[in-house]
Amino acid sequence: MHYMQVPSQVEYERATSLEHALSLLNRPDTRVVAGGHSLIPMMKLRLAQPEMLVDINGLAELAYIRLDGGQLCIGALARHADLLSSAIAGEHFPIFHDAERVVADPIVRLWGTVGGSLCQADPSEDLSAAFAAARAIAVIRGQDGDRLVPVREFHRGPYETVIGPGELLAEVRVPVRPGTGSAYEKVARRAGDWSVAAAGAVLRLSGGLGGSPREPVIESAGLGLTAVGAEHFVAAEAEAFLLGQAPDTGSFAQAGAIAAEHCHPVADQRGPEDYKRHLVAELTTRALRRAAIRAGAPKSDGDRT
Amino acid sequence: MRVAVTVNGTEYARDVEPRLLLIHFLRDELGLTGSHWGCDTSNCGSCVVWLDAKPVKSCTVLAAMADGRSVQTVEGLERDGQLDPVQQGFIECHGLQCGFCTPGMMMTARWLLDHHPDPAEAEIREVISGQTCRCTGYENIVRSIRWAAKHSRGTQ
Amino acid sequence: MTMGFGRMLRKEDQRFIRGQGTYVDDVQLPGMLYGAVLRSPHPHARILSVDTLAAEAHPKVKAVITGETLKQRNLAWMPTLSGDTQAVLATDKVRFQGQEVAFVVAEDRYSARDALELIDVEYEPLPAVVDARRALDTGAPVIRDDRVHQASNHIFDWEAGDAARTEQVFRDAEVTVTQDMLYPRVHPAPLETCGIVADFDRVSGKLTIWATTQAPHAHRTLYAIMAGLPEHKIRVISPDIGGGFGNKVPIYPGYLCAITGSMLTGRPVKWMEDRSENLMSTCFARDFHMRGELAASRDGKIRAVRVTVLADHGAFNGVAQPSKYPAGFFGVFTGSYDLEAAYCQVTGVYTNKAPGGVAYSCSFRITEAVYLVERMVDVLAFELGLDPAELRMRNLLRPEQFPYTCQTGWVYDSGDYPRTLRLAMDMAGYESLTRIHE
């Protein structure tokens, strides 16, 4: 048994343009390195042994966060710290701020990228659940142009995405709609750690807002779950339940219970299965409550934003 | 491959394997042993240096990725024989015992103070939360950084 | 905040804050080579063969050392600080997961690691003992079959106090409580891992060593024994150290391998372990399975404490402690209380785990002893429905009882325990804390 702690031999190319990157990525066993804070640790353990690395850090055209045509568009090279400090992201989707605040640590967040996290496809990656809850779309760029894949279809399984040879994740987009509130809740064993479990909620309410006499009703619900084996990071059954429900404590508690029942947590060093299910129920409920308040639903005692 | 990196204002060029980690480039190739290696999982931060003026865990970066860029290390904190307030703070407030985590802590502290000259204590604790100290229990590290915030260069 | 006579600034900070400390990995000598250790994936296995040909053929490898190489030089086993022996590199069997099996010496650290993958070891896995409570079962695999007369995994028995008198008190006590507890294995984990630069000069026959060691003199003695060099030909430099906490007291196989590597190649050899190696193979602390018992009167007078301990010492008893007691200072489990009787019995066993036991500032078992007695007092408080602080106040030794000889023979010099407890309770706001809990 030996832990290597240093990577095996690899070739390195720095991409001078997007086209250059895409042509290099056509080769077998060639991987993108951006922040490198997921890939390089795996290379040090020799769990990943690519033949070549394509460094895309110079492709500034992929580093942006902007509103465009009613969508929040996040370039794949946007760093975690950028998303955390982005005012427009925080205004429309506080779920991303909540999630970024608990990803890794402040130094790692300066370098790790949004695109890199999604492409690493770790089952415990917080952004995957957050983007899944927001029903985001991944923009995959190839030599022949772009193809759009919903984030809910982006991951094939642990550490596997639908990105093919000669392709690169260029952007993630999230449609912005009025009446939306969102939140993310995570439990980890120590600062900067992976989730034991986490839940993200994106709610759109109609009625009952801004002084309207009608009671508010959930028009759309997105629920993302992290680290508990939820298919495509989504709590689909709980989402279906919430449609048309009132955004109240009862609905949220029931949604939490449904989410807990339908995920597949595995007992490991982070905790036993029943504890993880308990967390799913509780965190889903809390995320929903905060999302609803942010969407404009009336607060009740003990609620916090 | 040939890698040229400007470190603390001086350009160094070396022939290295592409897989060489930046921390080993600094320590073994350039003899700048002030930055340290303490873990296998990018958790401890004893390797923190600046890459293009942003702190980075240099055990998680290839030297090749730093080619043509600039790095600052603990060796560059002192200027013209004058210690940086962060360095002075760690001395004044007993912010170190064995000293192994200290360079990384100071580089992060210097970056924080450059961007937030008067940080709240919670901000200080948050910014070093990705780095480990096994000796001090962190209290004096926080005090040292607070001291540095209060004593900017030239007012000591 | 005043400290004593005022703040004295540390001299060593001047170099540390400039990044000018000299830790072992900072040492660079001309012609220096780098070592790496191949470790066993199995906790217990016979070694059938070790094939190093491919590793030796690596263009940057200068030497590959195995248990067989060392055996020919009588270096395969070394004495430990507890009178046991420890394998430097495994020969017949591996006895813990992570145990050192081979050592590569190469031109740079990356090549040394690459070459580890080129060594082919054939193992025959054996049943392993990883639960100390199973170590003395009939039919348990004997881990240390290398030791003559070792028919089981038993290392030692040790006792302190008066068994008969303690039993008498337990028989007529109004209340007795029992609690099983595990003080788990803990690793000192200094931020700087262990390592060495060994430089053997063939011409002068002198060995110069930079090592992460808290006990350079003990190291020198052992290196003299192992290398067959007189002590005055060995210089051990203990430079700046990135924390020790006891982890850097023992002598680890990597040190001896680096020394051997230097002797074989005629060049300095550096070996620095990585964090995983440090956690899996170097000296740990604690790992005490304890059954505590406490006898008292119903009104809360503690009369006797009894404890039975199973001590997990891993595959090699490498406990680094200078006391003559195999369980260190565990005898102070009588704590701060006035007892009529006390007795402890400690059994040490081998398991298929990393070697050693407590070292140095891991307190020589005082931590385990204090935990034991204080936990038992809390258990009694719960049983009697008494406030834990109040129960202690009733039982603490009083100032006029000093000097006090406790039931295990230690003389307590002086103290005012009730006042100290009162001060601590006031500082902590104990009364308001207990109100929160109600």
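Just so you know, all these numbers are worked out from the coordinates, no wet-lab data involved. The shown structure was predicted, so the numbers you read here are calculated from the model rather than taken from an experiment. All Cβ positions, even for glycine, are placed from backbone atoms using ideal geometry, and neighbour counts span all protein chains on display.
Here are the numbers for the structure shown:
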| item | result |
| --- | --- |
| Rounded FRET efficiency, nearest 0.05, which uses the C-beta distance separating B:H151 from C:L423 and R0 of 35 Å | 0.50 |
| Estimated FRET transfer efficiency (C:K71, C:V142; beta-carbon r; R0 22 Å; 0.05) | 0.55 |
| Virtual paramagnetic centre 7 Å along Cα→Cβ of A:L47, amide N under 16 Å, in segment B:18-58 | B:40-43 |
| Anisotropy class of segment A:173-244 from Cα gyration tensor, a/c 1.5 cut | prolate |
| Test item: B:86-98 mean partner chain Cβ contacts at 10 Å | 4 |
| Which of C:V411, C:V236 has the fewest Cβ neighbours within 10 Å, and the rest in rising order | C:V411, C:V236 |
| Footprinting exposure proxy for C:H289, A:H37, C:H219, C:H154 (fewest neighbouring C-beta atoms within 10 Å first) | C:H154, C:H289, C:H219, A:H37 |
| Spatial separation of Cα centroids for segment C:390-438 and segment B:120-153, in angstrom | 35 Å |
| Extension gain, C:K324 back to C:T265 (0.36 nm per residue minus Cα-Cα distance, nm) | 17.3 nm |
| Helical mean residue ellipticity (222 nm; -39500 (n - 2.57) per DSSP H run of 4+; nearest 500) of chain C | -7500 deg cm²/dmol |
| Relative contact order computed over chain C (Cα-Cα under 8 Å; 6+ residues apart), in percent | 19 percent |
| Overall form of the protein assembly as shown per C-alpha gyration tensor (a/c, 1.5; a/b vs b/c) | oblate |
| Chain C: most fluctuating residue of C:R303, C:R18, C:R202 per GNM, C-alpha cutoff 10 Å | C:R18 |
| Mean-position separation - Cα centroids, segment C:305-329 and segment C:197-264, in angstrom | 26 Å |
| Nitroxide proxy distance, nm - points 7 Å out along Cα→Cβ at A:R177 and A:E231 | 2.3 nm |
| Residue exposure sequence - C:I436, C:I143, C:I225 - by fewest surrounding Cβ within 10 Å | C:I436, C:I225, C:I143 |
| Contour excess over end-to-end distance, with Cα ends at C:R394 and C:E122 and 0.36 nm allotted per residue | 91.6 nm |
| Shape of segment A:144-293, Cα gyration tensor, a/c cut at 1.5 | oblate |
| FRET E, pair C:I366, C:H154, Förster distance 25 Å, beta-carbon r, rounded to 0.05 | 0.50 |
| Separation of the C:V411 and A:E153 label points, Cα + 7 Å toward Cβ, nm | 8.5 nm |
| Dipole of the protein assembly as shown, positive end: most advanced residue of A:I140, B:C98, A:L67 [Cβ charges, Cα centre] | B:C98 |
| Separation of alpha-carbon centers, segment B:32-95 and segment A:1-45, rounded to whole Å | 24 Å |
| Residue list for segment A:131-145, given a label point 7 angstrom along the Cα-to-Cβ vector of A:S17 and an amide N cut-off under 18 Å | A:141-145 |
| Linear extension gain, A:A253 paired with A:D268, 0.36 nm per residue minus alpha-carbon span | 2.8 nm |
| Relative contact order, percent, segment A:11-54 [alpha-carbon distance under 8 Å, six or more residues apart] | 56 percent |
| Simple label model, 7 Å out from Cα along Cβ direction - C:E340 to A:S85, nm | 7.1 nm |
| Charge dipole (debye, nearest 20) of the protein assembly as shown; +1 at Cβ of Lys and Arg, -1 at Cβ of Asp and Glu | 1240 debye |
| Convex hull projection area averaged over all views, segment A:63-175, Cα basis, nm² | 6.5 nm² |
| Selected from B:S42, B:S58, B:S144 as most flexible by GNM, with chain B as the system and alpha-carbon contacts under 10 Å | B:S42 |
